[in-house]
Amino acid sequence: MTSVDSRLLSEESPKAAESALRDSEERYRLLFDATPLPVLVFDSDTLRYVAVNDAALQKYGYSREEFMAMTVFDIRPAEDVARLKEVLASLEPANFNTGSWRHRKKDGTTFEVEITTHAIEFAGRAARLVVASDVTERRRVEEQLR
């Protein structure tokens with residue numbers, strides 16, 4: 001919904017504006033949860049996850065509640081944490097591909113992902129939206145072709 005739509009609705013009636021806002025929020029929540037790639041949102045200051053979509057829950061094996069108690073370091077092998085800290089310190093607000101990373105599932109297995117991230121505001125706080133594309137199989141095939 002555009003800001004003009006919001007303004008017109010709010011001029012019509014507060015209830016109509018409230019209903020339109022709820023509908024808009026519901027549509028975006030459905031899009032977030034239906035996205036087939038894992039999408040994670042973390043707070044830029046605390047580095048704690050504040051939202052994850054259903055694909056992330058399935059891929060990583062954690063419940064939503066478990067994710068909300070974790071930071072971005074918790075899904076990484078210990079040897080990758082120093083590199084992650086360096087990258088986090090230098091992130092720009094715009095879309096940014098941070099390259100390939102190893103992520104760890106709840107069962108301890110690791111897989112390779114390519115990360116694209118973007119600065120957003122989430123619940124009034126600075127945050128980062130992260131899309132994690134599993135490239136494990138693609139890398140395996142590339143390696144076989146070499």
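The values are calculated or read from the model by the stated rules, or taken from the named source; none is laboratory data. Not measured: the values here are computed from a predicted model. All Cβ positions, glycine included, derive from the backbone under ideal geometry; neighbour counts span all protein chains shown. Ligands, DNA and RNA are excluded from the accessible area calculation, which covers all protein heavy atoms including side chains. Shrake-Rupley method; radii C 1.70, N 1.55, O 1.52, S 1.80 Å.
Working only within segment 23-38, note down all residues that are open to solvent by 80 Å² or more (accessible area, probe 1.4 Å) and outside any helix (DSSP H, G or I).
Scanning segment 23-38 gives a single hit, 36.
Any chance you could count how many residues in segment 51-103 are part of a helix (DSSP H, G or I), polar (S, T, N, Q) and closer than 19 Å to residue 133 by Cα?
1
Mind listing whichever residues of segment 35-50 are over 14 Å from residue 133 (Cα atoms) and not hydrophobic (A, V, I, L, M, F, W, C)?
43, 44, 45, 46, 48, 49, listed by residue number.
Please tell me if residue 96 is modelled with pLDDT under 95 and either of a type in the set (Lys, Arg) or open to solvent by 40 Å² or more (accessible area, probe 1.4 Å) (or both).
Considered against the rule, which asks whether it is modelled with pLDDT under 95 and either of a type in the set (Lys, Arg) or open to solvent by 40 Å² or more (accessible area, probe 1.4 Å) (or both), residue 96 comes out as yes.
Criterion first (open to solvent by 60 Å² or more (accessible area, probe 1.4 Å) and under 25 Å from residue 108 (Cβ atoms)) does residue 48 satisfy it?
Answer is yes for this residue.
Return a yes/no flag: does segment 111-124 have any residue that is more than 30 Å from residue 26 (Cα to Cα) and part of a strand (DSSP E or B).
Step one: of segment 111-124, the residues more than 30 Å from residue 26 (Cα to Cα) are 111-112.
Among the residues that remain, those that are also part of a strand (DSSP E or B) are: 111-112.
Looking through segment 111-124, at least one residue is more than 30 Å from residue 26 (Cα to Cα) and part of a strand (DSSP E or B).
Kindly evaluate residue 41 against the criterion of being open to solvent by less than 50 Å² (accessible area, probe 1.4 Å), β-branched (Val, Ile, Thr) and either modelled with pLDDT under 80 or part of a strand (DSSP E or B) (or both).
Spelling it out, residue 41 is indeed open to solvent by less than 50 Å² (accessible area, probe 1.4 Å), β-branched (Val, Ile, Thr) and either modelled with pLDDT under 80 or part of a strand (DSSP E or B) (or both).
Scan segment 52-60 and give yes if some residue there is exposed (fewer than 12 other Cβ atoms within 10 Å of the Cβ) and farther than 19 Å from residue 28 by Cβ, otherwise no.
yes
Write out, first by first residue and then by second, each pair whose Cβ atoms fall under 9 Å of each other, whose residues are 6+ apart or on separate chains, and whose first residue, in segment 87-109, is more than 17 Å from residue 71 (Cα to Cα) while the second is open to solvent by 50 Å² or more (accessible area, probe 1.4 Å) and of a type in the set (Lys, Arg).
Correct list of pairs: 100/139.
Please work out if residue 142 is closer than 24 Å to residue 25 by Cα, surrounded by fewer than 12 Cβ atoms within 10 Å (Cβ to Cβ) and among the acidic types (Asp, Glu).
Numbers: closer than 24 Å to residue 25 by Cα: no; surrounded by fewer than 12 Cβ atoms within 10 Å (Cβ to Cβ): yes; among the acidic types (Asp, Glu): yes.
Here the answer is no, as residue 142 does not meet what is asked.
Taking the stated definitions as given, is residue 76 buried (at least 17 other Cβ atoms within 10 Å of the Cβ), of a type in the set (Lys, Arg) and touching a residue at least 40 places away in the same chain (Cβ under 8 Å)?
no
Out of the residues in segment 105-133 meeting the condition of being open to solvent by 70 Å² or more (accessible area, probe 1.4 Å) and charged (D, E, K, R), tell me which one is nearest to residue 54 (Cα to Cα). It would help to see each step written out before you state the result.
Start the filter on segment 105-133 by keeping residues that are open to solvent by 70 Å² or more (accessible area, probe 1.4 Å), which leaves 106-107, 110, 121-123, 125.
This time we only want the ones that are charged (D, E, K, R), so: 106-107, 121, 125.
Working: 106: 15, 107: 18, 121: 21, 125: 22 Å.
For segment 105-133, the residue satisfying everything is 106.
May I ask you to verify whether residue 141 is out of contact with any Lys or Arg (no Cβ under 9 Å at 6 or more places or on another chain), outside any strand (DSSP E or B) and among the β-branched types (Val, Ile, Thr)?
yes
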